[in-house]
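Colleague: Shown below is the structure under consideration.
The values are calculated or read from the model by the stated rules, or taken from the named source; none is laboratory data. Here the structure is a predicted model, which is why all the values come from computation and not from measurement. No Cβ is skipped: glycine too gets one built from the backbone with ideal geometry, and neighbour counts run over all protein chains shown. Remember, those area values only see protein heavy atoms, side chains included, never the ligands or the DNA or RNA. Shrake-Rupley method; radii C 1.70, N 1.55, O 1.52, S 1.80 Å.
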Amino acid sequence: MIKPTKHKDDSAEVYVVSLKSKSEKPNLDGDRLNIFLLILLYIIQGFPIGVSTALPLILQSKETITYEDQAAFSIALWPYSIKLLWAPIIDALYINSIGRRKSWLLPLQILMGVTFIYMANNMDDWLPEVGKPNLKMIVRMIFAVNFLSATQDIAVDGWSLSVLKKKNVSYASMCPSIGVPIGMFIGSVCFTLLVSEHFSVKYLGAIIGAGGVITMKSFFNIWAIIILLLTLFIGLFKKEKYTKEDGHEKISVFQNYKLLWEILKLPRIKVLALALLTIKIGFTATETVTNLKLVDAGVPKDDIMIINSVMYVIKFFFPMFICKYITSSTPMSYHLKMTPVRLIWGIVFAVLVYYTPSLIYKKEEFVTIPYYYYIILGLVSTISEMLSLFLMLTLLAFFCKISDPHFGGTYMTLYNTFYFLGWLIPNTFVLKLIDILTLNECSNDAQNTCYTKDLKSQCQANGGSCEIYVDGYYISMFICTTLGFIWYFSFRNILKKYQLVDLYHWMVHGKQLSNEEVNEPCIISSQ
């Protein structure tokens with residue numbers, strides 16, 4: 001039976017390291033296996049996120065999914081943005097004989113593996129080659145695995161600070177930055193391409209009708225076996241003992257909720273929360289809908305995923321080239337300088353989407369796309385990805401700058417929650433908005449608006465087809481970009497000033513900090 005621990009726990013673990021240990025240089029002897037294990041756990045965590053980004057493209061290619069359906073699917077990613085609600089409970093409850101983190105890690109990953117096996121056995125029925133997908137079941141199952149993955153993230157983030165030696169704790173931030181993108185790459189790019197018959201025929205010379213390199217059922221089953229085998233290894237061979245480190249301070253689950261409430265009552269936090277909840281509104285249409293519109297225009301989803309694979313290479317190496325901006329004393333200034341550029345580049349992407357149908361050639365089921373189009377699309381996508389990464393990394397650096405080092409994990413999780421809610425809420429809203437603003441009419445009956453399924457069926461029965469005459473995507477792009485510039489001019493001066501405010505003004509119990517406290521390393525969460 002799980003019971004509350006007698007120790008004082010909380011989701012934010014603070015290590016006050018002695019001067020002696022601070023002088024020790026990191027040495028991976030004895031920790032290499034632990035780091036490798038953490039990377040594997042973060043790969044498992046990234047896989048459901050990757051699948052969640054791949055399925056919208058696969059669904060869109062079926063041509064039976066509306067943008068309202070896509071809005072419903074976007075809810076499946078919400079667990080990552082609201083995990084702060086149950087994070088303190090995960091830290092406070094565990095079974096001593098099993099271990100603080102293993103008490104949650106083992107059942108969570110077993111459930112994740114079983115869920116993928118269940119999905120493998122039913123996905124062909126939920127996502128048939130012909131006919132409308134069972135969107136309700138797909139959303140429920142993806143939401144379930146994302147909930148398990150987000151909760152696993154809480155346990156792994158906490159374990160990463162205790163499984164490593166004190167002098168190697170700084171490597172804890174490296175593990176998610178490596179593992180999560182790999183998991184996302186496997187779950188999105190590899191998943192989409194390996195199960196695609198179009199990819200096998202076009203790039204691997206397979207025979208039409210032979211299917212993809214691997215079936216969706218086999219892909220999910222293999223991943224489930226990997227998760228269960230790793231869980232078995234951890235359960236049998238990885239021991240976790242509670243040892244109270246010198247200077248290791250914790251607070252109870254109740255105290256942590258109270259701390260969050262006290263933080264939220266700070267005047268600057270209220271303004272910052274409003275800024276973060278609206279910070280992505282200007283980019284939502286570009287980041288969420290553009291690839292879907294490209295699929296609608298005739299660009300194969302497999303080709304988009306191949307281009308996305310290049311984006312993962314950028315994610316690995318681009319941070320090295322912008323290190324001086326991330327480590328700057330004024331990272332928010334750089335973020336704000338590039339915000340208008342990112343907004344304008346979204347317009348460039350929309351223009352490319354608009355001209356895409358005229359740049360590619362369709363003849364019945366065959367689509368011919370010139371090579372120069374892929375070069376243009378790759379260039380526009382690369383610049384868009386670099387701008388997006390720059391904005392995210394400078395914002396995370398700003399979070400580190402204004403986080404109380406005594407409760408850094410709590411502050412960072414709170415800021416990240418606001419930030420990702422600021423992406424998910426407008427994401428769902430914009431998808432619904434596009435569906436509402438898109439106007440259709442029957443090709444042989446101008447009075448038929450094709451607004452309902454019955455009207456669409458009536459149009460087809462009379463030999464017509466429903467065609468778009470007002471595309472809600474471009475109206476939504478205009479609205480989002482306008483709101484983005486309003487956000488920029490509203491919060492620009494406020495956020496510039498916030499990065500210059502003394503750190504103790506961001507603390508619940510404000511006090512002057514020593515240089516050593518201010519310069520404590522910031523461990524950035526992968527989510």
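Colleague: Say R0 is 30 Å: what FRET efficiency, to the nearest 0.05, do I207 and E63 get from their beta-carbon distance?
Modeller: Calculated transfer efficiency: 0.80.
Colleague: Describe numerically, in nm with one decimal, the distance between label points set 7 Å from Cα along Cα→Cβ at N122 and at S329.
Modeller: 5.8
Colleague: Please check which bits of region 280-322 a label hung off I360 would reach, taking the label as a point 7 Å along Cα-to-C-beta and the cut-off as backbone N under 12 Å.
Modeller: 291-305
Colleague: Taking the alpha-carbon centroid of each part, what is the distance from region 338-407 to region 145-224 in angstrom?
Modeller: Answer, in whole Å: 23.
Colleague: Any idea what angle helix 216-237 forms with the longest principal axis of the chain, computed on alpha-carbon atoms, 0 to 90 degrees, nearest 10?
Modeller: 10
Colleague: Using a 1.4 angstrom probe on heavy atoms only, work out the carbon and sulfur share of the accessible area of region 380-496 in %.
Modeller: 62
Colleague: Of the accessible area of region 283-335, with the probe set at 1.4 angstrom, what percent is carbon plus sulfur?
Modeller: Numbers: 1350 of 2060 Å².
That share works out to 66 percent.
Colleague: Over 18 Å between Cα atoms, which of K132/K453; K165/K238; K83/K217; K401/K496; K165/K239 qualify?
Modeller: From the list (K132/K453; K165/K238; K83/K217; K401/K496; K165/K239), the Cα-Cα distance tops 18 Å for K83/K217.
Colleague: Run the accessible area of region 49-115 with a 1.4 Å probe and give the carbon-and-sulfur part as a rounded percent.
Modeller: 73
Colleague: OK, next. So, taking all protein chains as they sit and a 1.4 Å probe, how much accessible area belongs to I383, in Å² rounded to tens?
Modeller: Result for I383: roughly 50 Å² accessible.
Colleague: Let me ask something additional. Hey, can you rank 367-373, 389-395 by average C-beta count inside 10 Å, highest first? Before the final figure, lay out the partial values.
Modeller: Working: 367-373: 12.0, 389-395: 19.0.
With the highest mean Cβ count within 10 Å placed first, the list reads 389-395, 367-373.
Colleague: Compute the distance in nm between two label points, each set 7 Å from the Cα along the Cα-to-Cβ direction, one at T215 and one at L33.
Modeller: 3.8
Colleague: Turning to a different aspect of this structure: Need the full-extension length gain, I314 to V351, defined as separation in residues times 0.36 nm minus the C-alpha distance. One decimal, nm.
Modeller: So the extension gain works out to 11.0 nm.
Colleague: Would you kindly state the longest site-free stretch of the chain, with sites defined as trypsin sites (Lys or Arg not before Pro) in a DSSP loop (not H, G, I, E, B) surrounded by at most 10 other Cβ atoms within 10 Å? Provide the component values of the computation, followed by the final result.
Modeller: Details: sites that count: K6, K239, K241, K244, K265, K511.
Here the longest run is 266-510.
Colleague: Which residues among region 197-231 fall inside the zone where the amide N is under 17 Å from a point 7 Å beyond the Cα of Y374, along Cα→Cβ?
Modeller: Backbone N within reach: 197-206.
Colleague: OK, next. Measuring with a 1.4 Å probe in the full set of protein chains, what accessible area per residue, in whole Å², belongs to the chain?
Modeller: Spelled out: the 1.4 Å probe surface of the chain, per residue, equals 48 Å².
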